[in-house]
Amino acid sequence: MENNFQDLRAPQLGKPGAPYSVGSEEAGQRLDHFLAHRYPDQSRSFLYKLIGKGDVLVGGQIVKSGYRLRINDTIAVDFPLPQPSSIIPEQIDFPVLFEDEHLLVISKPPGLVVHPANGHHSGTLVHGLLYRCKNLPTIDIGRPGIVHRLDKETSGVMLVAKTEHALRTLMGDFKDRKIQKTYHALLLRSPRVHDGRIVAPIGRHPVDRKKMALRPDHGKYAATSWHVMEFFFNGWCLAEIGIETGRTHQIRVHMASLKAPVAGDLLYGGAVDRKTDVKPLRQMLHASTLHFSHPFSGQKLSFTAPLWEDIQLLLDTLRRGSA
């Protein structure tokens, strides 16, 4: 298999002639733990295999997964080139907000996984996109057309690229924070400050690998702002939330840290009292609006996905109870 010293998810690692240099804050970490933090989208078993095959070099040498990093150690990672997709297209329903020859804007239904992963080898959004579009560009194997992601239970607006130029341009715009994203969420409690901004690094949870957490020393920069729009009789509130960065679970982690978790978010403290009559069936988080520049024409575009029906029904119930 042909390999390539390049990783588009973390370009500071693996570039030919420019390996990553370990800093003082990373010294002492095990190599496998370091890679798991740097590549949260990759499974530990995949990274372990890379180390075992000699595709991870420290100072130009093959080392074991338990190697303890030292200051100024240089790390290079040899990722295999993406292989042709073996995904079989499936008919998956999702609302289309806009489509042209370059891109597709959709409203992702709640409960729909974006791309194939462990435990989800069929029935994903990618399967449906390939059914609709036939051929889509890919940088990361298994994720054709995917510019950004939403969690399984999060509904709302998503961008999909139909050409390689659109894919690379839009991914670059997300990375450079040129795309504005607005969410709406029902929160289990209101933050103490009704309008605010939180800047707190986010990284993989040190114990539970399914979760993210505030990691002041080892996390990546993350910034979230919020505005409480409505208050309800049961202590819940409706908030408009903007994210300046796109870290995994960012809104869920940041709002939970403010003691205002997303209602229905079982992973981050959003479980509701069993005795209540207001019971969400999933996390009440919706990606409402995207503002971006068209990757070909440069035209400024804005698209809004209406609240999904389950959130709207719950919101109507809360409003009646507060009347």
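The values are calculated or read from the model by the stated rules, or taken from the named source; none is laboratory data. Note that the coordinates shown come from a computational prediction; the quantities given were computed from them, not determined experimentally. FYI the Cβ positions are ideal-geometry reconstructions off the backbone, even for glycines, and counts take in every protein chain you see.
Need a quick list: strands (runs of 3 or more DSSP E) entirely within the stretch 58-119 having at least 3 residues that are touching a residue at least 12 places away in the same chain (Cβ under 8 Å) and in contact with a Gly (Cβ under 8 Å, 6 or more places away or on another chain).
It comes to 74-77, 103-108.
Cβ contacts < 8 Å: first residue touching a residue at least 40 places away in the same chain (Cβ under 8 Å), restricted to the stretch 198-227; second residue in a loop (DSSP other than H, G, I, E, B) and small (Gly, Ala, Ser), any location; separation 6+ or different chain. Result?
Listed pairs, sorted by first residue: ALA200/GLY219; ALA200/ALA222; ILE202/GLY219; ILE202/ALA222; GLY203/GLY219; ALA213/GLY219; LEU214/ALA200.
When residues of the stretch 176-197 are filtered for being in a loop (DSSP other than H, G, I, E, B) and either free of Cβ contacts under 8 Å to residues at least 12 places away in the same chain or touching a Pro at 6+ places or on another chain (Cβ under 8 Å) (or both), how many remain?
Residues that pass the stated criteria total 4.
Kindly establish whether VAL193 is loosely packed, with under 13 Cβ neighbours inside 10 Å, under 22 Å from GLU25 (Cβ atoms), outside the structural domain of GLY28 (by TED's automatic domain parsing) and of a type in the set (Val, Ile, Thr).
Criteria not met by VAL193.
Looking at the stretch 119-134, which of its residues are more than 12 Å from ASP93 (Cβ to Cβ), crowded, with 17+ Cβ neighbours inside 10 Å and either in contact with a Lys or Arg (Cβ under 7 Å, 6 or more places away or on another chain) or outside the structural domain of HIS102 (by TED's automatic domain parsing) (or both)?
VAL126 - this is the single residue of the stretch 119-134 that is more than 12 Å from ASP93 (Cβ to Cβ), crowded, with 17+ Cβ neighbours inside 10 Å and either in contact with a Lys or Arg (Cβ under 7 Å, 6 or more places away or on another chain) or outside the structural domain of HIS102 (by TED's automatic domain parsing) (or both).
Can you say whether LYS162 is within 26 Å of ALA185 (Cβ to Cβ), at pLDDT 95 or above and in contact with a strand residue (DSSP E or B) (Cβ under 7 Å, 6 or more places away or on another chain), as far as the supplied structure shows?
Considered against the rule, which asks whether it is within 26 Å of ALA185 (Cβ to Cβ), at pLDDT 95 or above and in contact with a strand residue (DSSP E or B) (Cβ under 7 Å, 6 or more places away or on another chain), LYS162 comes out as no.
Please give the number of the condition PRO40 fails out of (1) at pLDDT 95 or above; (2) in contact with a strand residue (DSSP E or B) (Cβ under 6 Å, 6 or more places away or on another chain); (3) not assigned by TED's automatic domain parsing to the domain that holds ASP140.
PRO40 satisfies all of (1) at pLDDT 95 or above; (2) in contact with a strand residue (DSSP E or B) (Cβ under 6 Å, 6 or more places away or on another chain); (3) not assigned by TED's automatic domain parsing to the domain that holds ASP140 except (1).
Looking at GLY172 and the list (1) over 20 Å from HIS37 (Cα atoms); (2) touching a residue at least 60 places away in the same chain (Cβ under 8 Å); (3) not in a strand (DSSP E or B), which single condition is not satisfied?
Here GLY172 meets the rest and fails (2).
When you look at LEU238, is it among the hydrophobic types (A, V, I, L, M, F, W, C), more than 22 Å from VAL193 (Cα to Cα) and modelled with pLDDT of 95 or more, yes or no?
no
Considering each residue of the stretch 160-206, count those that are within 13 Å of the chain's Cα centre (by Cα) and hydrophobic (A, V, I, L, M, F, W, C), and give that number.
3
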